[in-house]
Amino acid sequence: MVRRFAAWSRLTVLTLGLVLCLSGGAVAQQRDAASVLAPIFDAYFGEQGGTSYVGAVVVVVQDGEVKLLRGYGYEDVAHTRPIDPESSRFGIASITKTMIAVRIMQLVESGAIASIDDPVANYLMDFTPPLNGGHALTIRDLLTHQGGMYDAALPMSVGPLGPAPDVRAYAAAFPGYIRGAGEGANYSNYGLALLGLVIREVTGKPLQEALADSVFGPLSMTHTGWPSDPERTGLTQTAAFYPNGTMVALPNAVRDNAIVNQGAGGIFATGADMARYMFALLGSDAAPALFSPETRAIMFSRLGETHPLAQGYGTAFMVGDWNGTRLVEHGGRSLGRQSYLTLAPDDNLGVFISVTAEGPSPSRQDMIDGLFGRPSRMTPASDRTLRMPSLFSMRTLYLRALYGSLEPPAGPSISAPTDMSAYIGEYRSQRRVPRSPRLALDLALLGEAVRIERSAEGGLSVNGRPGWITIGPDEFWRAPSAEDASQGYNNLLVFRRDGDGRVADMSFGYTDAVYEKASGLGAPSLWWLSVSVGALAFVTALAGVFWPRGITLKWAIVSVPILCAATGALFFAFWPDGAPDPFGIVLAEWTNFAPYRLAGSLTAICALMTVPAALMSWRRPAAGPGGWWARLHLIILIPAAGALAFSLWRLGATF
């Protein structure tokens, strides 16, 4: 861990520097971070690095100078236009949120906003967000992701940027609350988009103009903003890469939701513009001041947190440390675009990296090919390994080089907790939508649920991966290996307890969500079990065709297994063929899933008809042994009907 000692002799400092460099890390006070990072980026993005991407840009600023401004790859998927850091525009996605926070704090400085502790409703016309348990949603709540809201279902859109949504759209999209305000960080795109609406209301200007006047213009960020037509404005193009070596171009016309584009994402910028932005954030003389040093201190302070050891939030910025070095950061990801910005204010250092690339996800045809054992795009090539850049692998790349491999916030404790069973169970992310088909998508494909188990070594395992050992009360650490490309994301695992001393939830070190402990009817595994058991039980209902005449609602019940099969088939039938990213394009075409939800609703209704059918069959029994068998069969199907209807509802398969 890097520490600073003012009274050390020069010889001691040189010795420490030699030891750290030999161990693979560079000292935090490195005068020229670019000399450390340039060869690492060259190797990572070079031809011999094996990284799959279309284009990339890296920027390093330090002590008021641009130390590194370098492009890799191409603007276009045809590989005809090399990246130019001065003019190639990259999607910075959620880093947009930091620019919204800058403008909000400027309005606080000017007095246009009295305080970040004011209710956000004070600055909105015709919309008052609902109270959260008597608490009025504040600007601070939104800046620090502490509002307690569900994740809003904001599907992506396709085509040119349309007009900014009016206040009615924000009111209709309000996601509701999943927990109390200030009880932990649930990252919220909707929350920052709502602050974008505040800026529009307070300044009386469109958001693009409001930021151009106060941020982009003063900093001469001439290539930064929301492109009106993404297909015609010279933006970098992106593609998805598959294990068999296939590259599939992605349309720039797929973009963030209109509400997200008004504060939570959507901005494109060049590497050179982001250098100017980092200068301003660091308070360098190389850029005009956007706010006072006092405001900067507030923005970079820990205004909200889930746990003292986990990453916290300033004003939209993520605040934490890496081996004792204070970091102020934000990442951004949209379809085929990933960016990360890191500031080390005490070292006058800033790093920005952006890449155009998307990882593989199976299309409908890939799934069919895999089912029948045929080669598909998901079949690995024998002569290469797919290596995809990600937010955390890029972040780890430069932070490990500058500050060494990540170390625990405290030394491992001598003994493990006496009651490890308290942590065992399923945990659900509270960064989720209330109930929609996206929930089924999250659970099935995106790992929304986390399972904590006791590992054979005596510590904990997360989703089958062991290695977390205790370092303190309710605190666990997994040491990163030399091959760990995503250090700092889930090495730290912390739990919180309720008023009765029971484990209530957990979070990772890099936290954008609280994971609540799920049990009983709230456990996702129970939903999948109940839908599977219910569907299998109703397969026996096909025998209902042999029930005697007179069994009420017989044909509705017999249709349930057919409707179950139709529900699953429709989910994949409307999956866009060739979709490289289920979380992106599938959500962009979410209306396609209306037939899926209709089939799920019919399945649940027909299954629940088992109850009146059973009651009526006992009141007016059909004659003969067949009638007795039909009545018994109906009684057996009643619990299966309840399980099936419940799980379909929870998984968003019904309206």
Open item on the list: Restricting to region 75-103, give me the number of residues that are without any contact (Cβ under 8 Å) to a residue 24 or more places away in the chain and assigned to a strand (DSSP E or B).
Closed with: 1
Open item on the list: Suppose we filter Thr80, Thr12 for residues that are modelled with pLDDT under 80, open to solvent by 30 Å² or more (accessible area, probe 1.4 Å) and β-branched (Val, Ile, Thr); which single one remains?
Closed with: Thr12
Open item on the list: With among the hydrophobic types (A, V, I, L, M, F, W, C), without any contact (Cβ under 8 Å) to a residue 60 or more places away in the chain, more than 21 Å from Pro409 (Cβ to Cβ) and part of a loop (DSSP other than H, G, I, E, B) as the only criterion, which of Ala297, Ala289 stands out?
Closed with: Ala289
TODO: Could you tell me whether any residue of region 177-192 is in contact with a helix residue (DSSP H, G or I) (Cβ under 9 Å, 6 or more places away or on another chain), open to solvent by less than 50 Å² (accessible area, probe 1.4 Å) and part of a strand (DSSP E or B)?
DONE: no
- [ ] Might you let me know whether region 148-158 holds any residue that is touching a residue at least 12 places away in the same chain (Cβ under 8 Å), open to solvent by 50 Å² or more (accessible area, probe 1.4 Å) and under 20 Å from Gly225 (Cα atoms)?
- [x] yes
Open item on the list: Which count do you get for residues in region 75-101 that are farther than 26 Å from Ala210 by Cα and either under 27 Å from the mean Cα position of the chain (by Cα) or of a type in the set (A, V, I, L, M) (or both)?
Closed with: 5
Task: Criterion violated by Asp321 - all others in (1) in a strand (DSSP E or B); (2) out of contact with any Asp or Glu (no Cβ under 8 Å at 6 or more places or on another chain); (3) touching a residue at least 40 places away in the same chain (Cβ under 8 Å) satisfied - done: (3)
Open item on the list: Between a residue in region 464-478 that is free of Cβ contacts under 8 Å to residues at least 40 places away in the same chain and any residue that is among the acidic types (Asp, Glu), which pairs come within a Cβ distance under 7 Å, given they are 6 or more apart or on different chains?
Closed with: Pro466/Glu457
Open item on the list: Just to verify a result, which residue in region 599-617, among those that are open to solvent by less than 10 Å² (accessible area, probe 1.4 Å) and of a type outside the set (A, V, I, L, M), is farthest from Ala640 (Cα to Cα)?
Closed with: Ser617
Open item on the list: Just to be sure I understand the filter: pairs with C-beta atoms under 6 Å, separated by 6 or more residues or on different chains, first member in region 482-502 and more than 20 Å from Glu305 (Cβ to Cβ), second member part of a loop (DSSP other than H, G, I, E, B). Which pairs pass?
Closed with: Gln487/Leu406; Gln487/Pro480
Task: Boolean, Ser525 is within 19 Å of Arg465 (Cα to Cα), among the small types (Gly, Ala, Ser) and open to solvent by 10 Å² or more (accessible area, probe 1.4 Å) - done: yes
Open item on the list: of a type in the set (D, E, K, R), open to solvent by 10 Å² or more (accessible area, probe 1.4 Å) and not in a loop (DSSP other than H, G, I, E, B): which single residue out of Arg374, Arg333, Arg384 fits that description?
Closed with: Arg333
Open item on the list: Consider region 104-125. How many of its residues are open to solvent by 10 Å² or more (accessible area, probe 1.4 Å) and within 24 Å of the chain's Cα centre (by Cα)?
Closed with: 0
- [ ] Only residues that are aromatic (Phe, Trp, Tyr) and out of contact with any Lys or Arg (no Cβ under 6 Å at 6 or more places or on another chain): list them for region 619-655, please.
- [x] Trp628, Trp629, Phe646, Trp649
TODO: Mind listing whichever residues of region 355-368 are out of contact with any strand residue (DSSP E or B) (no Cβ under 9 Å at 6 or more places or on another chain) and not in a loop (DSSP other than H, G, I, E, B)?
DONE: Arg364, Gln365, Asp366, Met367, Ile368
- [ ] Would you mind stating whether Thr342 is in contact with a strand residue (DSSP E or B) (Cβ under 8 Å, 6 or more places away or on another chain) and either β-branched (Val, Ile, Thr) or open to solvent by 10 Å² or more (accessible area, probe 1.4 Å) (or both)?
- [x] yes
- [ ] Within region 488-514, count every residue that is aromatic (Phe, Trp, Tyr) and modelled with pLDDT under 90.
- [x] 2
Open item on the list: Step by step: first the residues of region 350-371, then only those that are open to solvent by less than 10 Å² (accessible area, probe 1.4 Å) and aliphatic (A, V, I, L, M), then the one that is nearest to Met299 (Cα to Cα). Which residue is that?
Closed with: Val351
- [ ] Restrict the check to region 29-43 and report whether at least one residue is open to solvent by less than 40 Å² (accessible area, probe 1.4 Å) and part of a loop (DSSP other than H, G, I, E, B).
- [x] no
- [ ] Check Asp577, Asp581 and return the single one that is modelled with pLDDT under 85, closer than 23 Å to Pro524 by Cβ and among the acidic types (Asp, Glu).
- [x] Asp581
TODO: Kindly indicate whether any position in region 341-354 is among the β-branched types (Val, Ile, Thr) and in a helix (DSSP H, G or I).
DONE: no
Task: Only listed residue being out of contact with any Ser or Thr (no Cβ under 7 Å at 6 or more places or on another chain) and modelled with pLDDT of 85 or more, chosen from Ile557, Ile562, Ile638 - done: Ile562
- [ ] Just need a number here: residues in region 53-67 that are open to solvent by 10 Å² or more (accessible area, probe 1.4 Å) and not acidic (Asp, Glu).
- [x] 4
Task: Hits in region 266-311 (condition: at pLDDT 95 or above, of a type in the set (Ser, Thr, Tyr) and either crowded, with 21+ Cβ neighbours inside 10 Å or farther than 24 Å from Leu142 by Cβ (or both)) - done: Thr270, Tyr277, Ser284
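The values are calculated or read from the model by the stated rules, or taken from the named source; none is laboratory data. Since the structure is predicted, the reported quantities are computational estimates derived from the model, not experimental observations. Note that each Cβ is placed from the backbone with ideal geometry, even for glycine, and that neighbours are counted across all protein chains shown. The protein model used for the area step is the full one, side chains on, heavy atoms only, and it has no ligands, DNA or RNA in it. Shrake-Rupley method; radii C 1.70, N 1.55, O 1.52, S 1.80 Å.
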